[in-house]
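Below: the structure, in structure tokens.
The values are calculated or read from the model by the stated rules, or taken from the named source; none is laboratory data. Every value quoted in this text rests on a predicted model; they were computed, and no experiment measured them. Every residue, glycine among them, receives a Cβ derived from its backbone with ideal geometry; neighbour counts consider all protein chains shown. Accessible surface areas use protein heavy atoms only, side chains included; no ligands, DNA or RNA. Shrake-Rupley method; radii C 1.70, N 1.55, O 1.52, S 1.80 Å.
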Amino acid sequence: MKFIVSSSNLLKKLQVLGGVVNSKNTLPILDNFLFELSENQLKITASDLETTMSSVVEVMSENKGNIAVSVRLLTDALKTLPDQPLTFKTNEEENTLEIISEHGKYNMAYYSDEEYPKPVVLDSPKTTFIPSKVLNKAINNTIFAAGNDELRPTISGVLFDFSTEGATFVATDAHKLVKYDRTDIASPEDAKFIVPKKTLNLLKTFLSSSDTEVNIEYNNVNAKITFDDTTLICRLIDGEYPNYEAVIPDENPNKLKINRALFLNAVRRVSVFSSMTTHQISLKIAGTELKISGEDVDFFNKANENLNCEYVGDNMSIGFNSRYLIEMLDHLISDEVLIEMSSYNRAGILSPLNDNEKGEKTTMLLMPILINS
């Protein structure tokens, strides 16, 4: 087995695929990449049994062959090399892989590909096609709101809710919720499944530079996502997702319009002085003035800022966790935002007022914190 490859191209693939590999694997072979050489293409696979990801890099070769090589050793070695052609050559008698660079030679052990787990084959899958830019935006707009509670695994991923009329992507951690709708894409039939955060974080890296259509195949247990020269197979999160529509208030007569950047920066400044435990800030709205306040009574810290706004509704005060509010404002790509509220003890709804693409709608829900008297 012998091939020549660009060190930078190879490293770029390995660094992304390396995100699949766990620090503590149940099987030692999973600490390795699977290399499958077929003439001028090298297919590289990484797996942790729950997620398997493969991608292809172009090489110069007339050989075929499969081996498994150490993730850590190979990646760490390539990080130290400047961009250059590298020659990889196996010594089958010693079971070693020789890497030849402009500076020297490096030898490492390799392992049999037969030990490497075979990828899951989906039984009777359904299929949906989504443009890569749309899927990437859906992931970016929702994944930050997904939970981390191991006792509630169903909210530790993003819900993909497909129908013949469109697609909805939902994430929540019970404190905040994001619902991203697309009416410009549709599925042949209705389907719901929950994709783990790890899978989506891996996808983001590849999708950011892709401009193609993504093929999503899925059944009740697994999903297979294919685009360009990349394939990702993951085990879906088992369980029923919470009824997200039920928690979104229908009537919200109090409506606040404000410049997103000015509001975000003010919240950031005031939050510095808020409680380190609750991160609570309060919004007091009267007429065309918004007062933002934060206080940490234990350390005598306090801050207030006033901003001009457009407001329709009754004068009101409402408290929010500043960290969650900042996260939401960071992900609302819009010059102005709309905040809709009904009362101090019900969730506020944030949405962008402009810069929306045709066929998309973003709804962000944030649960309030009762304001200390």
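Values for this structure:
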item: Those trypsin sites (Lys or Arg not before Pro) in region 1-73 that DSSP places in a loop and that have at most 12 other beta carbons within 10 Å; result: LYS24
item: Computed E for THR278/ILE4 - FRET, C-beta separation, R0 35 angstrom, nearest 0.05; result: 0.05
item: Among (i) 1.02; (ii) 0.99; (iii) 1.07, the entry that matches Rg/Rh (Cα atoms, Kirkwood Rh) as calculated here; result: (iii)
item: log₁₀ of I(q)/I(0) at q = 0.10, 0.12, 0.22 Å⁻¹ - region 132-267, Debye sum with one point per alpha carbon; result: -0.37, -0.53, -1.46
item: Estimated [θ] at 222 nm from DSSP helical runs (n ≥ 4, -39500 (n - 2.57)) normalised by residues in the chain, nearest 500; result: -5000 deg cm²/dmol
item: Two-decimal Rg to Rh for region 113-157 - Kirkwood Rh, Cα set; result: 1.12
item: Ratio Rg/Rh, restricted to region 137-209 and using Cα atoms, in which Rh is the Kirkwood radius; result: 0.98
item: Spin-label pair ARG323/ASN345, simplified geometry with 7 Å Cα→Cβ offset, distance in nm; result: 2.6 nm
item: Residue among GLU245, GLU336, GLU213 with the largest mean-square fluctuation in a Gaussian network model of the chain, springs linking Cα atoms under 10 Å; result: GLU245
item: For the chain, built as a Gaussian network whose Cα springs stay under 10 Å, the top-fluctuating residue of GLY239, GLY104, GLY157; result: GLY104
item: Under 24 Å from the Cα of LYS302 - lysines, other chains or at least 8 residues apart; result: LYS284, LYS291
item: Residue (of LEU81, HIS103, LEU159) at the positive-pole extreme of region 35-159, dipole from beta-carbon charges; result: LEU159
item: Apportionment of accessible area to carbon and sulfur, region 161-200, percent (1.4 Å); result: 47 percent
item: Count of lysine pairs in region 77-196 with Cα separation under 16 Å (8 or more residues apart, or interchain); result: 5
item: Highest-first arrangement of 292-303, 266-277, 158-169, where packing means the average Cβ count within 10 Å; result: 158-169, 266-277, 292-303
item: Extension gain, ARG72 back to ALA261 (0.36 nm per residue minus Cα-Cα distance, nm); result: 63.9 nm
item: Partner aspartates and glutamates for LYS43 [C-alpha distance under 15 Å; skip if fewer than 8 residues away on the same chain]; result: GLU58, GLU62, ASP113, ASP228, ASP229
item: Region 1-101: Cα Rg divided by the 2.2 N^0.38 Å rule of thumb; result: 1.02
